[in-house]
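The values are calculated or read from the model by the stated rules, or taken from the named source; none is laboratory data. Computed from a prediction, not measured in an experiment: that's the story for all the values here. Every residue, glycine as well, gets a Cβ built from its backbone with ideal geometry; the counts of neighbours run over all protein chains shown. Each accessible area value is taken on the protein alone, full model and side chains, heavy atoms only, with ligands, DNA and RNA left out. Shrake-Rupley method; radii C 1.70, N 1.55, O 1.52, S 1.80 Å.
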Amino acid sequence: MTTQSPDVLSTDELIVTRADGVAWLRLNRPKALNALSPSLMTALTDAALALDADPDVRVMVLIGSERAFAAGADIKEMAEASPVDMLTRDTIALWDRLRRVRKPLLAAVSGFCLGGGCELAMACDLLVAADNAVFGQPEINLGVIPGAGGTQRLTRAVGKALAMDMILTGRQISAQEALAHGLVSRVWPLEVFEEEVGEMARAIAAKAPMALRMATESVDKAFETSLAEGLDAERQRFYGLFATEDQKEGMKAFVEKRPARFIGR
Ligand code: CAA
């Protein structure tokens, strides 16, 4: 699954491979525990947007190493920065570029997932973990706060009590605790982690692409609108999918008791 030769979108800090409709984006700054430097975030978002435009790619997996998904924004790069430097660089705008990706983006977390790393994982559509994963927003220990969505997305994911606890004390939580509080949807032993992630990603890649897109947009609406508006947006997408060939194929295949073959139209 990840044995493919690196794609042209790869850089020194990001290894991109593709197979079976799944694109793997592997963060690769091992000496800095995948700290998210501007160059890494640029490579990552450029690659994700390019893959989003490729019809052969149905789902993307964002993954790190066994030791670290990502240990946060690069502290060394911002240690001496002034507010004007931070505003001028506006590196967090790079995180926002990921929100333009329409295909399902799966964060596969093993090891440290801290600060900007946790924020990056939470910006993805799905979040799964190996049993050695550790999640945290330790920015308070550096005299700052999460700046790439941590106070908002963590609170929505785990609720105010745990989010305040983690953000005010810097406490890190295990994969099991993250699972119990709804931060991640599945946890696997590290030994089988990539295999299981691959299986999950291929299962999603086999679904109807337009339905995947409508589904992710509808779920996201749940956080951004009233219930009535969200239900309305869902219903419009549901009815709209009846214009796709994939809806005809999916329902016909069910009636004919055979697997559906979705083409993305
Ligand atoms: N930025 C830059 N370098 C980092 C880094 C980061 N976020 N995290 C780790 N590194 C570097 C270390 O400096 C070290 O490099 P050197 O060998 O050159 O000294 C290397 O990675 C290995 O790290 P450690 O020696 O510290 O490894 P450890 O196993 O003892 O500890 C750790 C691991 C607990 C993750 C620890 O490295 C750590 O606490 N890292 C910082 C985590 C953090 O505070 N993240 C938040 C960053 S701020 C942010 O993300 C803001 C935002 O919201 C956008």
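Before moving on, here are some points about what is shown:
- Screening the candidates 183, 179 for the property of being modelled with pLDDT of 95 or more, not in a helix (DSSP H, G or I) and not hydroxyl-bearing (Ser, Thr, Tyr) yields one hit, 183.
- Matching helices (runs of 4 or more DSSP H) fully within segment 69-131 where at least 3 residues are away from the ligand (no atom under 12 Å from the Cβ): 83-89
- Number of positions in segment 18-54 that are open to solvent by less than 10 Å² (accessible area, probe 1.4 Å) and either among the basic types (Lys, Arg) or in a strand (DSSP E or B) (or both): 6
- Helices (runs of 4 or more DSSP H) lying entirely in segment 207-265 (those with 2 or more residues that are within 26 Å of the chain's Cα centre (by Cα) and surrounded by fewer than 17 Cβ atoms within 10 Å (Cβ to Cβ)): 209-221, 227-240
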